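The values are calculated or read from the model by the stated rules, or taken from the named source; none is laboratory data. Keep in mind it's a predicted model, so treat the numbers as computed, not measured. All Cβ positions, even for glycine, are placed from backbone atoms using ideal geometry, and neighbour counts span all protein chains on display.
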Amino acid sequence: MKQISFIMLLTVLCGVLAANTLWDDAIPIRQGVNIEWFRTGTDTPDGAAIYVWSDTKLGERDLWAQKVSATGQMLWNEPVLIDGKPDRQEDPVITRTSDNNYIIAWIDFSNDLDGNVYAQKIDGNGQRMWQDGGVPVCDFFAIQIGLNIEPDADGGAYIVWGDSRNPSKDLYAQRLSSTGAPVWTANGIPVANGVGDEIQNTMFPDGQGGLMIAYTHSYVGNDDIYVKRFLPAGTMAWTQPLLIASGAGNQNSVRMAPLGNGEFALIWKNQPAVDDNIYGQKINLQGQLMWPDPFVVIDDSATTAAPQLNPRIVATSDHGVIVVWEDFRLDNQNPDLFAQKISNSGSLLWAAGGVNIADAPFGQYSPRLAADNNGGAYMVWDDTRNGNAPNYDIYAQHINGSGTALWTPGGLAVCTAPHEQSGSLIKVANNNIFINWMDIRNGSVGIYYQVLNTAGVAQLADNGVEVFWGLSGDTPLQNYHLLPRSTDVVAIWQDTRFANIGYQIYFQIVNPDNTVALETNGRPVTVSVGAEQLTPQGVVTPDGHIAIVWEDKRNANPKIYAQLISPTGERLWGDTGLEMTDESPLRQMEPKISYVDGAFYIGWSGLVYTNGLYVYQVFGQKIQNNQKQWGPNGILISDLGTIEGIAECTISDIVDTYYVWERVNSLGDPRIVYVKRMQANGTPYAGWPNDGIRASSYSNYDAMQFQAKSVLTNNGIFIAWKDIRTDFILNYYGQILSPTGERLWNDEGVSLADNSREQEFAALNSDPSGVTVVWAENINGMHDIMASKYSLTGNPLWNALGNYVVQIDSTQTNPTIARFANSGLVAAWSDYTYGESDIYYNYIRNNGSLIYPGAGLVLCDVAKFQYEPIATTVGTAAYVMWADGRSSGKTEILGLYMHKVGNEDVAICDPGITSPAAFRLIQNYPNPFNPTTTISFEIQESRPDYNLSVYNNRGQLVKSLHRGELTRGNHSLVWDGKDDNGNNVSSGVYYYKLSSRADNQIKKMVLVK
């Protein structure tokens, strides 16, 4: 549903702009699931459990749930989608209602960049009972975080959250009826909104239809604890908040347990000085303190003075409570777990200082509790006894009412699978003890669970049963590549899906019909070698084989490995790849690869010891017929001979058999680009000295050349580099070196477009008539995209200072360029016009003119950031791939997406492209804005049917700004950030569309409050 809705939205809003794309939508090449486990679950009356989480398997972050049985079955078959609106929904909480259904609340970013609170009700079969998308609990324009939820007495729920509307951090609450209607004031009533901050809280129904809530109040560095009681109508039952804990230092981390008969026990962390201790109290519905004040659970300040942290509490069946906490008395670095039982009358029932629950090596963390039926409790925690962090495992214990451990002393191992298991949760349903957790045994995050009987015997498979699992991690910027074959393309990338191992190298074959030939999310270049793989590079042979090289850390010292892949994706150089050298120097890095006349030429930067220092030099290897041809350890390419001082060389590229590197000298020229053409036998071609040839003879004190890029031409190798000569501003210079080692352009190189502004992110292409360069030009702190073409003799074929591909009052960066067979070009780039970067593209004719002058065409403008496109062509189509942040939330998560577009000849003849002659819609100003912005447009043709409207990112009409006649000329209208009903809209992305029967145009804007 979500994907369908998104495609419909693009159809409505993007219409004409998508006319050149050959696929209906961009496709994921690498899209993670990225489960966020928020310890959200509940038991059910039929002896099962429901777990709720968020993930990104549909692209953006959505909410899902699953019901599991005591015998390991997924009772809803596939997970149930709770909410899948645009952007992200996360941090869910759940409660079982008095009518035996379930209400789930979450933080929702679909209409507000700061987040709103939404809720949904489901029945025991997972059916949604309220409107799709949930009901808004609070959509006030402020940050809402930190949800808590408890049932009311009438099938609804109380929901509490942290709110910054005042703008301090306060607590607000709403009561929803059984039908999802707000019972209290819209957007919630203040629970605590005084001076200072109130966020951390604990709450339970009061047994009379109302709510009891305790919270921490922070002000000028001091934390105190208060309690309030709210009646069902939302009014306070007491005239004043009840102060539970104050005084010197901090009192915080309060937790509550209902004892029945209108009584509640509370515990908290008390820190009068440097030592944290655990204190407690009991109150009744009238707000009276029922235990001595202060009531000490444990205070060892006078003896060991070790911290006690993270207390948890549960009410027992005999109306007492059991408290468990992390304790540092036995180990000042790693906590153990201790517990105490308190009677209803306020007596400590177990040994002074509590009983030792677990004191295994390393640490025991984050305990959770559930009561048994006999005055005791079940406990679960995260444990590092089997190897310390990050090797967390799950352990549990059953403590009876006398404080005796009934299961394995020190804790029963629930899950000791490899790598990390954490975030454990415990629920009891019909004497089945459900324990679940976040699990990365397979490298990415999954949710697993186990069921124990009351004797502690596991009812499911060892180490638990998977509830749901999916790919985690992402694709780092700059470490992905796109290679053309005769009819398809190959994507190669560096992948973080195995967080416990590190980066791995994956590849995928993408068919022209937008399907993939290999496994979803790609195939690894090797089986797991238990170590990190970095910086892949690849090349395709004429018969469709794929060769990939990378830096590999499986050995003590990082080395370069290679893999040959068959045209259909099988590994041909063994499951673990082929190492380039037998020896293992301190480090090899930055591999490059080319293919010439049946052989692969590979280069890398290798660390060597010379003159008392470790420096990098460039090495090479040739692979032919699956064998190393240049000896077991390759050959030195950057042969320095005898020079003064120290020189370090790092590889930049290999094109054909030309090796390109940058050389840094301690004496003489500071940083220079060198090139060397190698023969098949490992010696330089005639005319090429052992130490290579400088790309430029310029040798003044400011001879600094950076980040060389290269491409093969009919006359030799073209190299472009960033150069600071004369003005210390980084501009691009270029040179062609002939096959015989001659500089064919000006001996010092040619300035490609010196506008006295910094240039970066160049991309190159060549054809028989010359070389084309695109780059990002820094204009007053913002980049625009420029391009230039030079003949093979070094003369500009377009404007000598470059042509603008796009020039607007915002940042465009990271251009890519690819050439069609007819010498037309497609360029794509990252565009920050609307704050978050999108992918735009345009076509450049061979004479340098643009098919679509102006801002270009939208290729992808989904929510969040899209970065660093790369393009290649196959026949009459171009493929563009980019890093896509649509799954991002609390942290940025980058997937890989790809789209396919036709060439410019198809584009200009396509009858689906509407001529833009009727009018021109101009970007609103300011943008982003708050709360007003001006929308301007130029009308070329007077007509009676113009319509200017604002839409939200679901394609819903927000505001009609004009309907009717507009005359030829310039016009402007102001949008005040209100909808057609006069209500202020929330922060977020909006679209404004000007249309008539002759044309329609859309632009995006961002409201930020």
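Scan the range 790-821 for residues that are over 30 Å from Glu742 (Cα atoms), surrounded by fewer than 21 Cβ atoms within 10 Å (Cβ to Cβ) and out of contact with any Ser or Thr (no Cβ under 6 Å at 6 or more places or on another chain) and the total you get is 5.
Selection within the range 685-703: residues that are closer than 15 Å to Leu744 by Cβ and surrounded by 14 or more Cβ atoms within 10 Å (Cβ to Cβ). The member of this set that is nearest to the chain's Cα centre (by Cα) is Ala695.
Of the strands (runs of 3 or more DSSP E) lying entirely inside the range 14-74, not one is found with 3 or more residues being modelled with pLDDT of 95 or more and of a type in the set (Gly, Ala, Ser).
Checking the stated criteria, Val117 turns out to be in contact with a Cys (Cβ under 7 Å, 6 or more places away or on another chain), in a strand (DSSP E or B) and either of a type in the set (A, V, I, L, M) or surrounded by 24 or more Cβ atoms within 10 Å (Cβ to Cβ) (or both).
Please enumerate the residues belonging to the range 370-385 that are of a type in the set (S, T, N, Q) and either crowded, with 19+ Cβ neighbours inside 10 Å or out of contact with any Ser or Thr (no Cβ under 8 Å at 6 or more places or on another chain) (or both).
Within the range 370-385, just Thr384 meets the criteria.
Of all residues in the range 321-333, those satisfying the criterion of being free of Cβ contacts under 8 Å to residues at least 60 places away in the same chain, of a type outside the set (D, E, K, R) and in contact with a strand residue (DSSP E or B) (Cβ under 8 Å, 6 or more places away or on another chain) are Val323, Val324, Trp325, Phe328, Leu330. Report whether or not Ala371 is closer than 21 Å to His419 by Cα and either small (Gly, Ala, Ser) or in contact with a helix residue (DSSP H, G or I) (Cβ under 7 Å, 6 or more places away or on another chain) (or both). Taking the combined requirement at face value, the residue does not satisfy it. Pairs are defined by a Cβ separation below 6 Å, a sequence spacing of at least 6 or placement on different chains, a first member in the range 958-974 that is among the aromatic types (Phe, Trp, Tyr), and a second member that is not in a strand (DSSP E or B); no pair meets this definition. Evaluated against (1) of a type in the set (Val, Ile, Thr); (2) at pLDDT 95 or above; (3) over 14 Å from Pro232 (Cβ atoms), Val195 falls short on exactly one condition, (2). Restricted to strands (runs of 3 or more DSSP E) entirely inside the range 185-282, those with at least 3 residues that are of a type in the set (Gly, Ala, Ser) are 250-260.
Screening the range 386-399 for residues that are aliphatic (A, V, I, L, M) and at pLDDT 95 or above and picking the one that is surrounded by the fewest Cβ atoms within 10 Å (Cβ to Cβ) gives Ile399. For the range 284-319, a residue qualifies if it is within 45 Å of the chain's Cα centre (by Cα), in a loop (DSSP other than H, G, I, E, B) and not aliphatic (A, V, I, L, M), and the qualifying residues are Asp299, Asp300, Ser301, Thr304, Pro307, Thr316, Ser317.
One residue stands out in the range 650-682 among those that are closer than 21 Å to Phe706 by Cβ and basic (Lys, Arg): the one that is surrounded by the fewest Cβ atoms within 10 Å (Cβ to Cβ), namely Arg671. Criterion applied to Val974, Val950, Val958, Val989 was being farther than 26 Å from Asp108 by Cβ, of a type in the set (Val, Ile, Thr) and in a strand (DSSP E or B), and the one residue passing it is Val974.
Only one residue in Gly287, Gly280 is touching a residue at least 60 places away in the same chain (Cβ under 8 Å) and within 20 Å of Lys341 (Cα to Cα), so which one is that?
Within the list Gly287, Gly280, the selection yields Gly280.
Taking the conditions (1) part of a loop (DSSP other than H, G, I, E, B); (2) in contact with an Asp or Glu (Cβ under 7 Å, 6 or more places away or on another chain); (3) modelled with pLDDT of 95 or more in turn, Ala142 satisfies each one other than (3).
Mind listing whichever residues of the range 405-439 are more than 23 Å from Asp336 (Cβ to Cβ) and either of a type in the set (Asp, Glu) or touching a Gly at 6+ places or on another chain (Cβ under 7 Å) (or both)? Lys427, Ala429, Asn430, Asn432, Asn436, Asp439 - these are the residues of the range 405-439 that are more than 23 Å from Asp336 (Cβ to Cβ) and either of a type in the set (Asp, Glu) or touching a Gly at 6+ places or on another chain (Cβ under 7 Å) (or both).
For Leu572, are the conditions met, namely being of a type in the set (A, V, I, L, M), within 15 Å of Val539 (Cβ to Cβ) and either touching a Ser or Thr at 6+ places or on another chain (Cβ under 9 Å) or at pLDDT below 95 (or both)?
yes
Taking Ile870 and the conditions (1) at pLDDT below 95; (2) farther than 17 Å from Asn20 by Cβ, which numbered condition does it fall short on, given that it satisfies the others? Status for Ile870: all satisfied but (1). Taking the range 562-599 as the region of interest, how many residues are of a type in the set (Phe, Trp, Tyr) and either in contact with a Leu (Cβ under 8 Å, 6 or more places away or on another chain) or in the same structural domain as Gln504 (by TED's automatic domain parsing) (or both)? So the count comes out to 1. Residues in the range 432-462 that are of a type outside the set (Gly, Ala, Ser), farther than 13 Å from Val414 by Cα and without any contact (Cβ under 8 Å) to a residue 60 or more places away in the chain: Arg441, Asn442. For the range 341-369, taking the residues that are crowded, with 19+ Cβ neighbours inside 10 Å, touching a residue at least 60 places away in the same chain (Cβ under 8 Å) and not basic (Lys, Arg), the one that is nearest to Tyr449 (Cα to Cα) is identified as Ile342. Considering the range 81-124, and only residues there that are among the basic types (Lys, Arg) and under 21 Å from the mean Cα position of the chain (by Cα), the residue that is farthest from Ile145 (Cα to Cα) turns out to be Lys85. A search for C-beta distances below 9 Å between a residue of the range 892-910 that is assigned by TED's automatic domain parsing to the domain that holds Leu859 and any residue that is modelled with pLDDT under 50 and acidic (Asp, Glu), counting only pairs 6+ apart in sequence or on different chains, returns Gly902/Asp910.
Count, please, the residues in the range 713-752 that happen to be on the phi > 0 side of the Ramachandran plot and surrounded by fewer than 23 Cβ atoms within 10 Å (Cβ to Cβ). Talk me through it step by step, then tell me what you get.
As a first pass, look at the range 713-752 and keep what is on the phi > 0 side of the Ramachandran plot: 716, 726, 728, 741, 749.
Applying the additional criterion that residues be surrounded by fewer than 23 Cβ atoms within 10 Å (Cβ to Cβ) yields 726, 728, 741.
Final tally of qualifying residues: 3.
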